[in-house]
Amino acid sequence: MDDRQQDGPLIELRNIHKIYYLGGEEVRANDDINLTIHRGEFVAIVGKSGSGKSTLMNIIGALDVPTDGEYLLGGEDVGVMSDRQLAHIRNKMIGFIFQQYNLLPKLNLLENVELPLLYAGVGSGERRERAMASLKKVGLEEKWRNMPNQLSGGQQQRVSIARALAGSPSLILADEPTGALDSKTSRDVLNFLKQLNEEGNTIVMITHDNSIAMEARRVVRITDGQINFDGDVKDYAAIIQAGN
């Protein structure tokens with residue numbers, strides 16, 4: 001076992017079901033999902049549109065709760081939490097990276113990166129120091145006064161990554177992080193995520209693209225609400241090459 005896994009699982013999903021009712025019809029978006037992710041892993045959750053991967057992402061990100069089953073994040077049962085508790089655990093433990101960056105256009109880069117720290121009640125001096133350190137990590141500290149619309153798409157995504165890192169989260173959850181980027185910029189962002197993982201960060205990346213998924217260390221494939229592959233990226237590559 002990797003030394004970074006010695007403290008036990010960061011994420012434990014046990015018999016997770018998420019059921020919706022549309023027009024009187026039952027839809028099982030997640031159907032008996034069991035998944036364990038340890039600290040320090042880089043896991044891609046891959047699936048086509050409608051596969052249930054986005055629902056699973058929302059549960060992992062404490063944006064939604066399962067209909068049935070248990071979800072433990074850092075040993076805490078997320079499924080029984082109130083909305084206020086869910087908001088607290090999102091801010092405390094999870095750094096989000098979104099496809100469309102979700103930067104606030106009227107705030108400069110520093111202010112955008114400071115936001116999760118502001119919500120966490122961090123004082124202004126420490127907040128600025130930590131936000132600048134995050135911007136430095138992604139190579140944008142000299143642009144801290146800039147507004148988001150003054151940046152390229154790749155730079156905006158790097159600000160999004162800096163914001164995710166600012167609160168020192170237990171988990172970085174990346175939702176289609178290269179979906180709005182060209183191939184070269186996508187490669188830069190993926191390399192940066194790999195670097196963060198090498199430094200010990202736990203990363204769960206959601207994608208519909210097998211080629212993106214194979215940049216992770218471990219792949220979980222979801223189809224029709226169920227996991228039908230969970231293993232090493234090399235084994236997944238062999239399956240894809242075989243046309244399965």
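The values are calculated or read from the model by the stated rules, or taken from the named source; none is laboratory data. All values reported here derive from a predicted model rather than from experimental measurement. Virtual Cβ from ideal backbone geometry, glycine too; neighbours counted across all protein chains shown. Quick note on the areas: whole protein, heavy atoms, side chains included, nothing else; ligands and nucleic acids left out. Shrake-Rupley method; radii C 1.70, N 1.55, O 1.52, S 1.80 Å.
Using Cα positions and a limit of under 22 Å, work out the lysines in reach of LYS234, with same-chain residues fewer than 8 apart set aside.
LYS48, LYS53, LYS194
What whole number of Å gives the distance from the Cα centroid of region 184-244 to the Cα centroid of region 1-73?
So the separation of the two Cα centres works out to 16 Å.
Of GLY125, GLY167, GLY153, which has the largest mean-square fluctuation in a 10 Å C-alpha GNM of the chain?
Ranking GLY125, GLY167, GLY153 by mean-square fluctuation puts GLY125 first.
Accessible area of MET147, 1.4 Å probe, to the nearest 10 Å²?
Its accessible surface works out to 60 Å², give or take rounding.
Would you tell me the accessible area of THR67, worked out with a 1.4 angstrom probe on the heavy atoms of the protein chains, in Å² to the nearest 10?
Spelled out: THR67, probe radius 1.4 Å, area about 80 Å².
What distance in nm separates the simple spin-label points at SER124 and GLU198, each placed 7 Å from Cα in the Cβ direction?
Using points 7 Å along Cα→Cβ, the separation is 3.9 nm.
Carbon and sulfur: what percent of region 72-206's accessible surface (1.4 Å probe)?
Looking at region 72-206 in its full context, I get 46 percent from C and S.
Which ³J(HN,Hα) values, rounded to whole Hz and listed in residue order, are derived for region 14-22 from phi using the Karplus coefficients 6.51, -1.76 and 1.60 in 6.51 cos²θ - 1.76 cosθ + 1.60 with θ = phi - 60°, glycine and proline given as x?
10, 6, 7, 10, 10, 10, 10, 10, 10
Mean residue ellipticity at 222 nm from the helices of the chain, using -39,500 (n - 2.57) per DSSP H segment of n ≥ 4 over the full residue count, to the nearest 500 deg cm²/dmol?
Numbers: 8 runs with 87 residues, N = 244.
Value at 222 nm, helices only, nearest 500: -11000 deg cm²/dmol.
Give the ranking of ASP64, ASP230 by solvent-accessible surface, highest area first, calculated with a 1.4 Å probe. Intermediate results must be reported in sequence, preceding the final value.
Values: ASP64 40, ASP230 75 Å².
Of ASP64, ASP230, the descending order of accessible area is ASP230, ASP64.
Using a Förster distance of 30 Å, how high is the FRET efficiency between LYS184 and ARG84, based on the Cβ-Cβ distance and rounded to 0.05? Kindly include the intermediate steps, with their values, before the conclusion.
On the way: r = 42 Å, r/R0 = 1.41.
For R0 = 30 Å, the calculated efficiency reads 0.10.
Shape call for region 94-147 from the C-alpha gyration tensor, a ≥ b ≥ c root eigenvalues: rounded (a/c under 1.5), prolate (a/b greater than b/c) or oblate?
rounded
What is the set of long-range amide H partners of ILE45 at a cut-off below 5 Å, with H atoms built 1.01 Å from backbone N?
Residues meeting the amide H criterion: MET205, ILE206, THR207, VAL220.
Run down the aspartates and glutamates and flag those whose C-alpha is under 20 Å from the C-alpha of LYS143, throwing out any fewer than 8 positions away in its chain.
GLU111, GLU114, GLU126, GLU129, ASP188
At 1.4 Å probe radius, can you tell me the per residue accessible area of the chain in Å²? List each step's numbers first, then the result.
Values: 11900 Å² over 244 residues.
So the chain comes to 49 Å² accessible per residue, rounded to a whole number.
Pull up all non-local amide H partners of GLN100: gap of 5 or more, or a different chain, and H-to-H distance under 5 Å with H placed in the peptide plane.
Those qualifying (amide H under 5 Å, at least 5 residues apart or on another chain) number zero.
Using θ = phi - 60° and the Karplus form 6.51 cos²θ - 1.76 cosθ + 1.60, what ³J(HN,Hα) does each residue of region 34-48 get, whole Hz, x for Gly and Pro?
10, 8, 10, 10, 8, 4, x, 7, 10, 10, 9, 9, 10, x, 6
At a 1.4 Å probe radius, which order do LYS136, LYS53, LYS143, LYS48 fall into by accessible area, largest first?
Details: LYS136 135, LYS53 15, LYS143 75, LYS48 160 Å².
Result of the area sort, largest leading: LYS48, LYS136, LYS143, LYS53.
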